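Just so you know, all these numbers are worked out from the coordinates, no wet-lab data involved. Keep in mind that this is a model prediction, so the values were computed, not measured. So basically every Cβ, Gly included, is an ideal-geometry build from the backbone, and we count neighbours across all protein chains shown.
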Amino acid sequence: MAKTIFITGASRGLGKIWAEAFLQRGDNVVVTSRKLSGTQDLVDKYGSAVLALELDVTNRAASFQAIEKAKAHFGTIDVVINNAGSGVVGAVEELSEQDAKNLMDTNFFGTLWMTQAALPILRAQGHGHILQLSSALGIYTFPTLGIYSASKFAVEGLSEALALEVKDLGIHVTIVQPNGFATSFGSTTINSQPNTAYDAVRAKLYADPNVAGPDAYGDPQATAAAILQLVDSPTPPLRFILGKNALPLAKLAYAERLAEWETWQDVSSKAHGLQALENA
């Protein structure tokens, strides 16, 4: 049975690839982007199966209006994919106020607004699936990518709580955590004004094979089958790593965190107060 899929940021990259994969198999797809020109080819090719909407996800009112238009047009919304995002590269000291705010407005608040807009419809239907685009950099981070990671860590926390809130309402939540893919995303990423104090940090980062190696970036077209399987699953996961590179790094990151917490456990427990001392 055909589904209705709502995808933000569908004018390029993974969002557009996924939109076309859904359309090719006969689903109805709502595609949004800041400029409709980026989705016109999908409309031309797939006709009435596509509803293209101009949307800036940082505009909360517009996000609600887009969801309402999609529901009115297709009668239902089965899957919402919060894919719209942007990138900023820069050491923490280098970040400009405006770049940092713009990034959080798109990556975090845009996801929040779209989620809030979709939930009343999904609740009334008694079913739905929300895919929140995080990143492998929402699990761990690299130097000079702190603000991007901050936005994705925020999406992770929001979405984990959301999953607990809606689990008895027939709504599934999946946090999608892609590692690097060879899309045009990098070409639109903003680079902060560099400070030479961090040149050595940058040099070390770009010598890391996980960042600049021949296998650092996956084939974006290969992700489509995984996303189709994900939305078709009756029991989708809360967290889903997309690509093969992130899991080893995620395991390492969590092992280091656990080891560090355990090393300091005695000090941490004593910080709880007198009762902790008496029970030690």
**Asked** Per the helix-only calculation at 222 nm, which mean residue ellipticity applies to the chain, given -39500 (n - 2.57) for every DSSP H run of n ≥ 4 and division by its residues, nearest 500 deg cm²/dmol?
**Response** -14000 deg cm²/dmol
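Which length gain, in nm to one decimal place, applies between Ser48 and Glu260 when the Cα-Cα distance is subtracted from 0.36 nm times their residue separation?
Values: separation 212, 0.36 × 212 = 76.32 nm, distance 5.52 nm.
Result for the pair: 70.8 nm of gain on full extension.
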**Item:** Stretch gain in nm, segment Arg123-Gln98, where the contour uses 0.36 nm per residue and the Cα spacing is subtracted
**Value:** 5.4 nm
**Request:** Could you pull out every one of the lysines with an alpha carbon less than 23 Å from that of Lys251, ignoring same-chain neighbours closer than 8 positions?
**Result:** Lys152, Lys204
**Message:** Cβ neighbours within 10 Å, averaged per peptide: list 54-60, 111-117 in order, most packed at the top.
**Reply:** 111-117, 54-60
**Prompt:** Relative to the present Cα-Cα distance, how much length would full extension add between Ala253 and Gln24 at 0.36 nm per residue of separation?
**Reply:** 78.6 nm
**Prompt:** Taking other Cβ within 10 Å of each residue's Cβ, how do Leu119, Leu242 sort, fewest first?
**Reply:** Leu119, Leu242
**Complete:** Plugging the Cβ-Cβ distance of Tyr206 and Thr76 into 1/(1 + (r/R0)^6) at R0 = 35 Å yields, to the nearest 0.05, a FRET efficiency of 0.15
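Order of Lys3, Lys152 from fewest to most other C-beta atoms within 10 Å?
Details: Lys3 18, Lys152 26.
The order, fewest Cβ neighbours first, is Lys3, Lys152.
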**Prompt:** In the set (i) 26, 22, 19; (ii) 34, 25, 18; (iii) 32, 21, 18, which value of semi-axes √(5λ) of the Cα gyration tensor in Å was calculated from the structure you see?
**Reply:** (ii)
**Asked** For the pair Val267 and Asp232, how long in nm is the line joining their label points, each one 7 Å along Cα→Cβ?
**Response** 5.2 nm
**Fill in**
Rounded to one decimal in nm, the spacing of the 7 Å Cα→Cβ label points at Leu36 and Ile190 is 2.7 nm
**Request:** Would you mind ranking Thr235, Thr76 so that the residue whose beta carbon has the fewest other beta carbons within 10 Å leads the list?
**Result:** Thr235, Thr76
